[in-house]
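I have placed the structure first, in the form of structure tokens, so that the comments after it can refer back to it.
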Amino acid sequence: MRSRRDAARFFGMPRDNFDWALFLTASALAVIGVVNLYSATSVSRAALSEIYIQQVYWLVLGGILGAVVAVIDYRHYERLGYILYGVGVVFLLLVFILGKDIRGSSRWIQIGSFGFQPSEFMKLFLIIALAKYLHDDPKTEDRSLKDLVGPAILAAIPTFLILKQPDLGTALILLLMFATVCLLTKIKWQSLVSLVVAFGIATPVLWTYVLKDYQKQRILVFLNPEANLLGSGWHAHHARVAIGAGGWTGEGFMRGTQNQFLFLPDQHSDFPFAVFAEDWGFLGCLVLVALYSFLVLWAIRIAATAKDRFGAVLAIGVGALIFWHAFFNLGMVTGILPVVGVTLPLFSAGGSSVLTIMLGIGLLMNVSMRRFYVSPARTTGLLTSI
Amino acid sequence: VSNLLVPRSDVSEFRKRYRWMALVAFLAFAAIVVRLFQLQVVKGAEYAAQAHENVIRRVTIPTTRGIIRDAQGKILASSRPSFNVLVVPGRVMPSARPQKPGRRQEEADSWERIAATLRLNPDERARFSARIKDACVTDEDRSPCWHPIVVREDLARDIVAELKQHAQEMQGAEVVSQPVRYYPYKNLGVHMLGYTAEIDADTLARYRPKGWESMTAEERQKQNPLGYEPGDVIGATGVERAWESYLRGQRGWEKRVVDARGRYRTGPEADRLLDEGGAEAHARQEPLSGRDLRLTVDIELEQAIERAMRPYQAGSAVVVDVRTGRLLALYSKPDYDPNDLAGGAGHDRIRETFNKLYTDPLRPMLDKTVSGAFQPGSTFKPFSALAALEDKVVDPSEHERCDGFLSYGRRIFHCTHVHGKVNMHDAIAQSCNIYFFKIAPLVTMDRIARIATEFGLGQKTGIGVNPESPGRIPTRSWYALRYKGAFQIGFTLNTSIGQGATTVTPLQLALAYGAIANGGTVYSPQIVRAVETSDGNVVQDFPPRVRQKARVNPQNLAYVNDALYGVVNEQKGTAFPVREASLEIAGKTGTAQTGYVNVNNDDPKRAWYLARDHAWFASYWPAKSPEIAVVVLVEHGGSGPTIAAPIAIQIIREYHRIETTRIAKSQPKGKDANKDAPTPKAAAAAVKADADGGAPATPPDLGPLPPDPLALPPDLGPDPPTPPEER
């Protein structure tokens, strides 16, 4: 007689396989994030100082939605994969019509009293679409570039639309997620090499003949923000001072001078880590980076134990989302990467961003909880072979 | 359910990749940790210091400029607060800022209310509204949206009160007080006193040359010992400029906690940071306030001169104490109000005033007592006479005949009228040109030049205030150079009566007449009597300085003195008709031709004015034991005896009245310190002096302005640095 646990494994009953490690890691990050936001915005103007409360609301909403996403078997998402993707693209198109223009780019759609950023949710839709494509693809060995045209088109459409907004950071994240998923597949080495070579040739040609001067200028400023000392270079400089001032143990909660005296720009959106580093020092940062690493490595583990390709790509996709966000944000704040507007998952304030991450973690949980499900085909195969 | 049981996809394709991905992710995060280690641990101290520097800054503490007082302790220049209104664009007009989703309207616009309170006219209102909207195109932390802009300068106190009272409804408006130089006597004595102005770019560049940013503290101290910074106030002319280093004072500094927007922070957090900084953070340099100056000038006398000169457009007057060289009054007309230029009334007023001053043909900016050189006319005759007496080339008792004209070669030289037979005494008293023309060829130009030089003419007096003109005492060689050797005897003739190339400044002439009066001692003119600290202690007292002793025979000097006495007191003297019997004045009138020829097709009215003679009167009083020398010049005033002499006499009368009143007031105090009111006798004396003077009496202790809280009542003022001159 099968035990109850075996039954759960077989039928994919989720509740007995709850992934506590994932849950606790994400919860820890969310709590630290809110506490840090409190410190970051405690001295700001009235409009900002309530942001941490809003963040709690978003986290609660995200948690509920994430739980819903986790409970429904992910195979249902597979069927809806392209539909969801289509909805995402339609919303991206709507941005151009309804979008609110802020600082020269329109990323928001206003619904009632609050706006949301379709590009954030598009990240998840892209993951699902890519997962479905690879899941349905009969080919499993030695993919050539031709075999990646489908996924490439899937990634290119939203990337292009987001670049048009323009939102360089989000577009970059989409491309990197696509690249990560591609590397998951077995591409032929020759294909990879030829891709790299083609890129190497195309870049100088594009630079010399296609790009206009002002476009080149923009790219140069983007690559070398220090040159633009009054703009983003100023941000990067002060972020570094704040982090460095933290030392080993930090100046203490809400005592970081650079934040308290407003030297940190965008302390709630792009630079909350600088506030954290100043308050808690190297040791605090170590804990935080460890939490992010654990989350990413755990996502890879979930992918590795997933029972099918859809689940595996889903897990890797969400893992890549978290990884690239965290890596780019930390790299930018510590000054090893150029300043690109990329948020730090669960740390940066923002409804759309929090919801996306929470839903992503719901997806991870979903895959994780159903990892013990044994394919009936394989079981029957085993049985028949005996 | 059935499709859930069909074979799912095979995951074996991905198996080998996971390990690589995990490795890459791990290495990436490790790189972040290494970078954090480098920032926080390796360079942590460095960044901590920088963070500290960002937050704790050296903030300068302003100093106050010294006060300038007149000889009696009346304040001539001090500082008063000026209230300026600044508004922060993003706060007075939140509606102009870009709207973000999710942000509700925080506050209503307060700008309209503020504009109404400040009584801005529609034009200004539109201008500032446009500026505010421009500033608020973006509202990031460092956008101009958060930089205050000045809307009104030097507000009236009732508007300030209104602003403060309704501060709740005027979000974003701030009243800041800024010291502004204040001259209570306005136009009076503006040329010698000068005014202050914001330091201009050229001057600042001299104090802060290229490479200033990279200089060490010592080099900076050497280049810029007074520590000028952009926007500082500096003395522009007069005493304000010449004594700048005394008046300015020195800034102090202290460490303050400052946020990124430059605002000071106080409270426990700030105190904690300062405490952590230790002794260095609590270091503080107290500001040194500027030194006060006590001038030799008497503003009451200055007022009297202003009254006497009122009917005339342009001119100047100098009153000097012949026993010390101290200047009792320096007056130059036309003048201007230094308050307009000192910035209290706003920048628009400064621009407007400058435009007006620089287009005025009467040149109000020029201090004519020091910088203006004029032909002295007949006031120069005593020096020609002395030159003749010194070398005994002429016997003064010998008579020459004056027919009213004299032809010399092809030219005819004129006299004022026919004097008949005159000796030297009569020639001076009646101002006969012909006499001097006749003796001039014997005396020669160089002898006259020597005597004039002995009395300090033709040289800078060294007053040290305002750019000084040396004037000119021509010599034969000067003419030889100028006219390429073609020397004519006519030059000498002109020189002997103070015409031609001879020019003097009124100050030079006053000092020279002072020397005639006091027996030949030429003093250095003195305008600042003492330097005092702000609580009235004398830091430095300046005794009179003798510049030179005129080497002349006392008998000859006595002869000239007698002749000058005759000018006013003899029946035939030129100033006799306007003399005042009660005052024994000695002096010399002068009517100097200007040599104006209308070559530029000037406006006829202007040409008429410019062609008129300068009216001079140079004098001293009392004639027997002289105290003061008075020189009056009315530019293009006409005749010296009828125009200038009455003014000088009125000045002397006023001086006499002021002195008498003061003595009368000070005497009862000496007997009984409790009695502040003058005794009946002294009061009677004062009244009598007033009656004698006949001039409109001003209350001696009340300035023309509401009492300044800083002003010391004259009776309670600090003790004069030196015992007062003999009364």
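Restricting attention to helices (runs of 4 or more DSSP H) lying wholly within segment A:149-207, give those where 3 or more residues are within 24 Å of the chain's Cα centre (by Cα) and surrounded by 15 or more Cβ atoms within 10 Å (Cβ to Cβ). Don't jump to the end; show me each part of the working.
Details: elements: A:149-164, A:168-184, A:189-205.
Qualifying helices (runs of 4 or more DSSP H): A:149-164, A:168-184.
Name the helices (runs of 4 or more DSSP H) wholly within segment B:319-424 that hold at least 1 residues that are more than 18 Å from the chain's Cα centre (by Cα)?
B:347-359, B:381-390
From B:Thr642, B:Thr660, grab the single residue that is in contact (Cβ under 8 Å) with a residue 40 or more places away in the chain, surrounded by fewer than 24 Cβ atoms within 10 Å (Cβ to Cβ) and outside any loop (DSSP other than H, G, I, E, B).
B:Thr642
Residues in segment A:304-314: is at least one at positive phi and not β-branched (Val, Ile, Thr)?
No, segment A:304-314 has no match at all.
Return only the number of the condition from (1) over 26 Å from B:Ala429 (Cα atoms); (2) β-branched (Val, Ile, Thr); (3) surrounded by 17 or more Cβ atoms within 10 Å (Cβ to Cβ) that B:Val552 does not satisfy.
Of the numbered conditions (1) over 26 Å from B:Ala429 (Cα atoms); (2) β-branched (Val, Ile, Thr); (3) surrounded by 17 or more Cβ atoms within 10 Å (Cβ to Cβ), the odd one out for B:Val552 is (1).
Among the residues of segment A:81-105, which ones are among the aliphatic types (A, V, I, L, M), out of contact with any helix residue (DSSP H, G or I) (no Cβ under 8 Å at 6 or more places or on another chain) and at pLDDT 85 or above?
A:Ile83, A:Val90
Can you pull out the residues in segment B:528-553 that are part of a strand (DSSP E or B) and under 23 Å from the mean Cα position of the chain (by Cα)?
Hits for segment B:528-553 are B:Val528, B:Arg529, B:Ala530, B:Val531, B:Glu532, B:Val538, B:Val539, B:Gln540, B:Asp541.
Within segment A:67-97, take every residue that is over 21 Å from the mean Cα position of the chain (by Cα) and of a type in the set (D, E, K, R) and give me the one that is surrounded by the fewest Cβ atoms within 10 Å (Cβ to Cβ).
My answer is A:Arg79.
Can you work out which of the residues in segment A:315-329 that are facing chain B (nearest Cβ under 10 Å) and among the β-branched types (Val, Ile, Thr) is surrounded by the most Cβ atoms within 10 Å (Cβ to Cβ)?
Filtering first and then ranking leaves A:Ile316.
Within the set of pairs 6 or more residues apart or between chains, which connect a residue that is under 15 Å from B:Ile463 (Cα atoms) inside segment B:323-343 to a residue that is of a type in the set (Phe, Trp, Tyr) with Cβ atoms less than 7 Å apart?
B:Thr324/B:Tyr523; B:Gly325/B:Tyr523
Tell me, which residue of segment A:266-311 that is of a type in the set (S, T, N, Q) and surrounded by fewer than 20 Cβ atoms within 10 Å (Cβ to Cβ) is modelled with the highest pLDDT?
Our first condition is that a residue be of a type in the set (S, T, N, Q); within segment A:266-311, this holds for A:267, A:269, A:293, A:305.
When the remaining residues are screened for being surrounded by fewer than 20 Cβ atoms within 10 Å (Cβ to Cβ), the result is A:269, A:305.
Values: A:Ser269: 76, A:Thr305: 86.
Within segment A:266-311, the match that is modelled with the highest pLDDT is A:Thr305.
Which residues, taken from segment A:303-314, are assigned to a helix (DSSP H, G or I) and either more than 10 Å from chain B (Cβ to nearest Cβ) or basic (Lys, Arg) (or both)?
If the condition is that a residue be assigned to a helix (DSSP H, G or I) and either more than 10 Å from chain B (Cβ to nearest Cβ) or basic (Lys, Arg) (or both), then A:Arg309, A:Leu314 are the ones that fit.
Applying the selection to segment A:115-133, what residues are in contact with an Asp or Glu (Cβ under 9 Å, 6 or more places away or on another chain) and in a helix (DSSP H, G or I)?
A:Ser119, A:Ile128, A:Ala131, A:Lys132, listed by residue number.
For segment A:229-253: of the residues being at pLDDT below 75 and facing chain B (nearest Cβ under 9 Å), which is farthest from A:Ser348 (Cα to Cα)?
A:Leu230
Considering (1) out of contact with any Gly (no Cβ under 9 Å at 6 or more places or on another chain); (2) in a helix (DSSP H, G or I); (3) surrounded by fewer than 20 Cβ atoms within 10 Å (Cβ to Cβ); (4) touching a residue at least 40 places away in the same chain (Cβ under 8 Å), say which one B:Leu301 fails and leave the rest.
All conditions are met except number (3).
Checking A:Val289 against (1) part of a helix (DSSP H, G or I); (2) without any contact (Cβ under 8 Å) to a residue 24 or more places away in the chain; (3) among the β-branched types (Val, Ile, Thr), which test does it fail?
Of the numbered conditions (1) part of a helix (DSSP H, G or I); (2) without any contact (Cβ under 8 Å) to a residue 24 or more places away in the chain; (3) among the β-branched types (Val, Ile, Thr), the odd one out for A:Val289 is (2).
Collect the residues in segment B:363-403 that are surrounded by fewer than 16 Cβ atoms within 10 Å (Cβ to Cβ) and in contact with an Asp or Glu (Cβ under 9 Å, 6 or more places away or on another chain), keeping them in residue-number order.
B:His399
For segment B:575-585, enumerate the residues that are of a type outside the set (A, V, I, L, M) and within 18 Å of B:Ala629 (Cβ to Cβ).
Of everything in segment B:575-585, those that are of a type outside the set (A, V, I, L, M) and within 18 Å of B:Ala629 (Cβ to Cβ) turn out to be B:Arg579, B:Glu580, B:Glu584.
Which count do you get for residues in segment B:52-67 that are at pLDDT 80 or above and within 14 Å of another protein chain (Cβ to nearest Cβ)?
Within segment B:52-67, residues that are at pLDDT 80 or above and within 14 Å of another protein chain (Cβ to nearest Cβ) number 0.
I need the full set of residues from segment B:15-51 which are at the interface with another protein chain (Cβ under 7 Å from one of its Cβ atoms), among the hydrophobic types (A, V, I, L, M, F, W, C) and closer than 30 Å to A:Ala312 by Cβ, in order please.
Hits for segment B:15-51 are B:Met21, B:Ala22, B:Ala25, B:Phe26, B:Ala28, B:Phe29, B:Ile32, B:Val33.
For residues that are within 16 Å of the chain's Cα centre (by Cα) and under 24 Å from B:Ser371 (Cα atoms), scanning just segment B:201-240, find the one that is surrounded by the most Cβ atoms within 10 Å (Cβ to Cβ).
If we take residues in segment B:201-240 being within 16 Å of the chain's Cα centre (by Cα) and under 24 Å from B:Ser371 (Cα atoms), then B:Glu240 is surrounded by the most Cβ atoms within 10 Å (Cβ to Cβ).
The values are calculated or read from the model by the stated rules, or taken from the named source; none is laboratory data. Because the structure is predicted, anything quoted here is derived from the model rather than measured. A quick note on method: Cβ atoms are made from the backbone with ideal geometry, for glycine too, and the neighbour counts reach across all protein chains shown.
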